[in-house]
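*Asks:* Supplied in structure tokens, the structure appears directly below.
Read-outs: derived from the displayed coordinates by stated rules, not from any lab. Please read these numbers as outputs of a predicted model, since none were measured by experiment. Cβ: placed from backbone, ideal geometry, glycine included. Neighbour counts: every protein chain shown.
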Amino acid sequence: VVYLDDPHIGADFNHDGIVDGDDFLIWQSGFGSPGGHDDGDANFDDFVDGDDFLIWQAQFGGPPSGDGSAAVPEPSASLLLLLGVVSFLARTRRANG
């Protein structure tokens, strides 16, 4: 079990102050092997695995905080909403035009 509100957890593997794609590449390189934080181990269990990816995902785009409990919007839900609005407008336009 990974507790994302643990203050010792962080996905800023390159220590540049932001959790971004560069940190993902570090995680990806170390995936499936023993390693430390600089190898992609975000929860300090000495192994780079999917739990570390989930921490990276929760912290992506922001500073590495111990609070990974913030909601992460699902891009697919936003896309579905956008497609629904576009479809509705297209149908309304055809019906009135």
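*Asks:* In nm, what is the difference between 0.36 nm times the number of residues separating residue 18 and residue 89 and their Cα-Cα distance?
*Replies:* Details: separation 71, 0.36 × 71 = 25.56 nm, distance 3.90 nm.
So the chain would gain 21.7 nm between residue 18 and residue 89.
*Asks:* Hey, another quick one. Can you give the FRET efficiency to the nearest 0.05 for residue 44 and residue 76, using r as the Cβ-Cβ distance and R₀ = 25 Å? Could you put the intermediate results ahead of the total?
*Replies:* On the way: r = 31 Å, r/R0 = 1.25.
So, using R0 = 25 Å, E works out to roughly 0.20.
*Asks:* To continue, here is another question. First select every other residue whose beta carbon is under 12 angstrom from the beta carbon of residue 16; then total the charges, Lys and Arg +1, Asp and Glu -1. Let's see the in-between values first.
*Replies:* On the way: positive: none; negative: 12, 20, 22, 23.
Summing Lys and Arg as +1 and Asp and Glu as -1 gives -4.
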